[in-house]
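Chemist: First the structure, which I've put down as structure tokens, then a few questions once you've had a look.
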């Protein structure tokens with residue numbers, strides 16, 4: 001395999017990464033700022049975002065977050081103490097515990113999502129509605145591939 005010379009045009013994948021990474025950094029900066037304004041860690045924001053439309057068992061939540069079950073247990077305990085999530089026996093397996101948003105948690109995630117939409121709007125404002133829809137489809141496809 002030959003190495004690319006400095007004056008050659010980057011490969012298509014490299015150009016895509018050169019565009020994707022700064023967008024990810026801007027997105028992370030926005031999420032970190034919103035988290036700081038609401039006294040939330042990025043991991044807790046992720047947890048609330050995952051739970052915004054579902055109930056999950058602890059092990060499923062750990063998988064979604066890419067964390068060990070005991071780490072998630074501590075995170076859940078802190079969120080529970082703040083009144084953002086609750087635990088209940090799983091309907092199908094009484095030995096398992098479901099984690100879900102409380103009404104306070106649901107209200108918070110709705111506010112966070114609104115703040116995120118407003119803060120990130122400048123990134124997509126120059127795109128037409130069709131371009132925004134296409135970008136959404138492509139991003140969802142990328143995430144589906146990541147989750148395999």
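Here, each number is a calculation from the coordinates, and none is a lab measurement. Keep in mind that what you see is a predicted model, and the values were worked out from it rather than measured. Here Cβ is always computed from backbone atoms with ideal geometry, including for glycine, and neighbour counts include all displayed protein chains.
Chemist: Taking Cα atoms, how many degrees apart are the long axis of helix 69-81 and the longest axis of the chain, rounded to 10 and kept between 0 and 90?
Modeler: 70 degrees
Chemist: Using alpha carbons only, how many degrees (0 to 90, rounded to 10) separate the axis of helix 12-37 from the longest principal axis of the chain?
Modeler: Here the helix axis deviates by roughly 40 degrees.
Chemist: Give the peptides 55-62, 103-110, 88-95, 22-29 in descending order of average Cβ contacts within 10 Å, highest first.
Modeler: Answer by packing, highest mean first, reads 55-62, 103-110, 22-29, 88-95.
Chemist: So what's the projected area for the range 67-148, the Cα convex hull averaged over all directions, in nm²?
Modeler: Across all orientations, the range 67-148 yields a mean hull projection of 8.1 nm².
Chemist: Suppose the Debye formula is applied to equal point scatterers at every Cα of the chain; what is log10 I(q)/I(0) at q = 0.16, 0.17, 0.18 Å⁻¹?
Modeler: Computed log10 I(q)/I(0) values: -1.01, -1.09, -1.17.
Chemist: When all C-alpha to C-alpha distances in the range 14-93 are sorted into bins of 5 Å, what percent of pairs does each bin hold, rounded to whole numbers?
Modeler: Spelled out per bin, shortest first, that is 3, 13, 21, 21, 16, 12, 7, 5, 2, 1.
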